[in-house]
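**Student:** Let me give you the structure first, and then I'll get to my questions.
The values are calculated or read from the model by the stated rules, or taken from the named source; none is laboratory data. Keep in mind that this is a model prediction, so the values were computed, not measured. All Cβ positions, even for glycine, are placed from backbone atoms using ideal geometry, and neighbour counts span all protein chains on display. All accessible areas refer to the heavy atoms of the entire protein, side chains included, with ligands and DNA or RNA removed. Shrake-Rupley method; radii C 1.70, N 1.55, O 1.52, S 1.80 Å.
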Amino acid sequence: MGSVPTPDGSSPASAPAPAAAPPPSPAAGPKAAGPKAVGPKAVDKETTAGILFGIGAYGLWGLLPLYFFVLMPAGAVEIVANRVVWSLLFCALLITATRSWSALAQALRNRAVFGSLALAALLIAVNWLTYTYGVTTGQAVEASLGYFINPLVSVLLGVFVLKERLRPLQWTAVGIGFVAVGVLTYSYGKLPWIALTLAFSFGLYGFVKKRVGSRVDAVTSLTVESMVLAPFAGATMVYLAAAGTATLTTQGPGHFWLLLASGVITAVPLLFFGASARRLPLTTIGLLQYFAPVLQFILALVVFREAMTLDRWIGFGVVWVALLVLTVDMLRTARKASVARRRNRAALKSS
C-alpha cells in the first residue's frame, strides 16, 4: 500500500533520516576503522524505543478530541486557524534550534517540492477542519470512523491513481468496506460525509506526501505547509476578532495559553512519529496506526457519551472485519518478503 500516513499527515517516507556516522579518526587505530556491529540487544532497544515513540504519537493523536473539548466555546474554524499560526511559530523555533534553515530554503526553492507541499497543506486543512468540526459538534464517533476507513481508501488510491494490482484479500477488504458504508448510510439516514471526507482527504494527503518522499524531513514539511496556510489562518483570526466571535483573549488566561499550545500539540506527536518510523518496519507502523481511531472511538462513547445504536454497531463491526482482513494480508505479505530476503542473503553467502 505504500507509505502509511498519520493523522497529522506525515509518513515513514517523510520522516527525517538518521544522521550518518562520522568517519573514523586516523588516530583511533585499526579497531575504529569500520562501523561497530549492532548486536541483538541494540536492535531490541531500538525496536522498543520505536514502539514507545509510535504509541506516544498515535496516543496523542487519539487524545486530540479531549483537547478540542476543553477549548470550547472555540469553534472548529478558530481552533484550526490558531493551530496553523502557532504551529508555524513553534516550527520556526525548532528550525532555529536545529539550525535547519538551509533545508527549509531548499524546500521553498524547489518548485516540485513546494507545489506538492502546498497541495498537501490544502488537503490537511480540509482534514483538520472536518475533524475539529466533527468533534466539537458531538460527532466524534463518525470522526473516528474516518480514520478506520482510511486504510481502505489508501488501497483504492493505489488502484485508481498508482494503477496497482490488488491481492485477493485486499479486494475482499475493499468489498467489505463498501458494505460497511452502505450499512452506516442506512444507520445515519445519510451518507457519513464527515468520515468519508476525513478518509479521502487524509488518504490523498498521504499520497501527496509520499510523492515528496525523503526530500524534506517532517519538521520542514510541516513548516512549509503552515507557511502556505498561515496567511489564510491569520486573516481568519483577525476577522473573528473584528466580528467579536474570537475566544483567544475573551475566555481567560487558561484558554489563551491552551490555544497557543496548539503549536506544540501539533508538532510533538509528529516528531515522535518520525522517531518511531526510523526504528520500525512499515508493517509495525501500519498496525500502530489503529491505536488513534480506537482511542477516539472510546473517548466518544465514554467521555462524550455519544449514542451508538445497534445498526451503527453493526456498521462499525463490518468496518473492523474489513480492517482485520487487510491486516492479515499485510502481515502475510510482510512475512513472505522477510522469508525472501533471508533466502537471498543465504544465497549470497553461499555463492
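**Student:** When the helix-only estimate is applied to the chain (DSSP H runs of n ≥ 4, each -39,500 (n - 2.57), divided by the residue count), what is the mean residue ellipticity at 222 nm, nearest 500 deg cm²/dmol?
**Tutor:** On the way: 14 runs with 260 residues, N = 351.
Dividing the helical sum by the residues of the chain leaves -25000 deg cm²/dmol.
**Student:** Compute the whole-percent fraction of alpha carbon pairs in the stretch 116-248 spaced more than 17 Å apart.
**Tutor:** The proportion of pairs with Cα distances above 17 Å equals 67 percent.
**Student:** Rounded, prolate or oblate: which fits the stretch 180-256, taking a ≥ b ≥ c as square roots of the Cα gyration tensor eigenvalues, rounded meaning a/c under 1.5, else prolate when a/b beats b/c?
**Tutor:** Oblate, since a/c reaches 1.5 and b/c is not below a/b.
**Student:** For the chain, rounded, prolate or oblate, judged on the Cα gyration tensor with a ≥ b ≥ c (square roots of eigenvalues), a/c < 1.5 rounded, else prolate if a/b > b/c?
**Tutor:** Oblate shape, in that a/c is at least 1.5 and b/c is the bigger or equal ratio.
**Student:** Here's another thing I want to ask about it. In the stretch 63-128, what trypsin sites (Lys or Arg not before Pro) fall in a loop by DSSP, with at most 15 other Cβ atoms inside 10 Å? Before the final figure, lay out each step's value.
**Tutor:** Values: sites: 83, 99, 109, 111; in loops: 99.
Those that pass, being in a loop and sparsely packed, are 99.
**Student:** By its C-alpha gyration tensor, with a ≥ b ≥ c as the square roots of the eigenvalues, how is the stretch 111-166 shaped: rounded for a/c under 1.5, else prolate for a/b larger than b/c, else oblate?
**Tutor:** Oblate.
**Student:** Same structure, new question: Quantify, in whole percent, the carbon and sulfur part of the accessible surface of the chain (1.4 Å probe; protein heavy atoms only).
**Tutor:** 69 percent
**Student:** What whole-number value in Å² describes the accessible area per residue of the chain for a 1.4 Å probe?
**Tutor:** Using a 1.4 Å probe on heavy atoms only, each residue of the chain averages 50 Å².
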